[in-house]
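The values are calculated or read from the model by the stated rules, or taken from the named source; none is laboratory data. Computed from a prediction, not measured in an experiment: that's the story for all the values here. Cβ atoms come from the backbone with ideal geometry, glycine included; neighbour counts cover every protein chain shown.
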């Protein structure tokens, strides 16, 4: 069970690490067609964004450097984006200005945005709130922010990638290292290899139970793998592992009521 102050921990880590994401952010902001996750899965395969977002109010929960918000603005949406890291938002603001994207950036906690009820048609999180906030907290906030029938799409680590990751933070292997039952996430702050922050995850049945409790219908569920020609290791996941096992998952949800 997690006992660390995850908000302060994750905020400090992302502020300190923001400089290392600038080059990646510059490349992603330039993309004409979005690509998703650690291995750059194609938007044409995932359909994570509506093709036409004209007149839609959209929010990104945990926006980081803001490239997803940039993609939504390009598709015609009125975009709000929130992140807890001031340094990440500095990069996002600079790139939004460079690309002429009119996005309302907010420094704050995606679990408690302070924004009005039922203000958005579409919400999204790619490795933002979807992994750095407890699901029970940020999903309830997403439900509150969405209008009835509004859509939430989020991408994060697949539970299998977590239980196959050694406790010292070294790359995933084809051996189970953690129990699946009762999964909540992992504290990576003091591991030997590539320490990061506190991340959250659930078993698939626990995700489903939580969606039903909050008031979301599942429209679609996707498991993501590395491309067949991928090589190397990314985010502590070797390409060989990620070609055989799902490294990420995408949930497509709709607010009920």
Exactly one of these conditions fails for residue 125: (1) buried (at least 21 other Cβ atoms within 10 Å of the Cβ); (2) under 22 Å from residue 248 (Cβ atoms); (3) in contact with a helix residue (DSSP H, G or I) (Cβ under 7 Å, 6 or more places away or on another chain). Give me its number.
(3)
When the range 9-39 is checked residue by residue, the ones that are in contact with a helix residue (DSSP H, G or I) (Cβ under 7 Å, 6 or more places away or on another chain), surrounded by fewer than 20 Cβ atoms within 10 Å (Cβ to Cβ) and assigned to a loop (DSSP other than H, G, I, E, B) are 33, 39
Reported set for the range 186-226 where residues are assigned to a helix (DSSP H, G or I) and more than 17 Å from the chain's Cα centre (by Cα) is 205, 206, 208, 209, 210, 212, 213, 214
Within the range 74-105, the count of residues that are under 21 Å from residue 254 (Cα atoms) and either free of Cβ contacts under 8 Å to residues at least 12 places away in the same chain or part of a helix (DSSP H, G or I) (or both) comes to 0
Tally of residues being without any contact (Cβ under 8 Å) to a residue 12 or more places away in the chain and either outside any loop (DSSP other than H, G, I, E, B) or surrounded by 15 or more Cβ atoms within 10 Å (Cβ to Cβ) (or both) across the range 174-185:
0
In the range 49-56, is there at least one residue being at pLDDT 95 or above, closer than 18 Å to residue 130 by Cβ and part of a loop (DSSP other than H, G, I, E, B)?
yes
Any hit, the range 73-91, residues being touching a strand residue (DSSP E or B) at 6+ places or on another chain (Cβ under 8 Å) and surrounded by fewer than 19 Cβ atoms within 10 Å (Cβ to Cβ):
yes
Please state which of the following conditions residue 232 fails to meet, knowing it meets all the rest: (1) loosely packed, with under 13 Cβ neighbours inside 10 Å; (2) touching a strand residue (DSSP E or B) at 6+ places or on another chain (Cβ under 9 Å); (3) at pLDDT below 95.
(3)
Matching option when the condition is in contact with a strand residue (DSSP E or B) (Cβ under 8 Å, 6 or more places away or on another chain) and either part of a loop (DSSP other than H, G, I, E, B) or modelled with pLDDT under 95 (or both), among 171, 166
171
Sort out which residues of the range 237-257 are at pLDDT 95 or above and assigned to a loop (DSSP other than H, G, I, E, B), and write them in order of number.
245, 246, 247, 256
Yes or no: residue 35 under 28 Å from residue 235 (Cα atoms), under 15 Å from the mean Cα position of the chain (by Cα) and free of Cβ contacts under 8 Å to residues at least 12 places away in the same chain?
yes
Inspect all residues belonging to the range 144-152 and state whether any of them is at pLDDT 95 or above, crowded, with 16+ Cβ neighbours inside 10 Å and farther than 19 Å from residue 111 by Cα.
no
Would you point out which residue out of 223, 248, 213 is touching a residue at least 40 places away in the same chain (Cβ under 8 Å) and surrounded by fewer than 17 Cβ atoms within 10 Å (Cβ to Cβ)?
223
Does residue 131 qualify as being surrounded by 16 or more Cβ atoms within 10 Å (Cβ to Cβ), in contact with a strand residue (DSSP E or B) (Cβ under 9 Å, 6 or more places away or on another chain) and outside any strand (DSSP E or B)?
yes
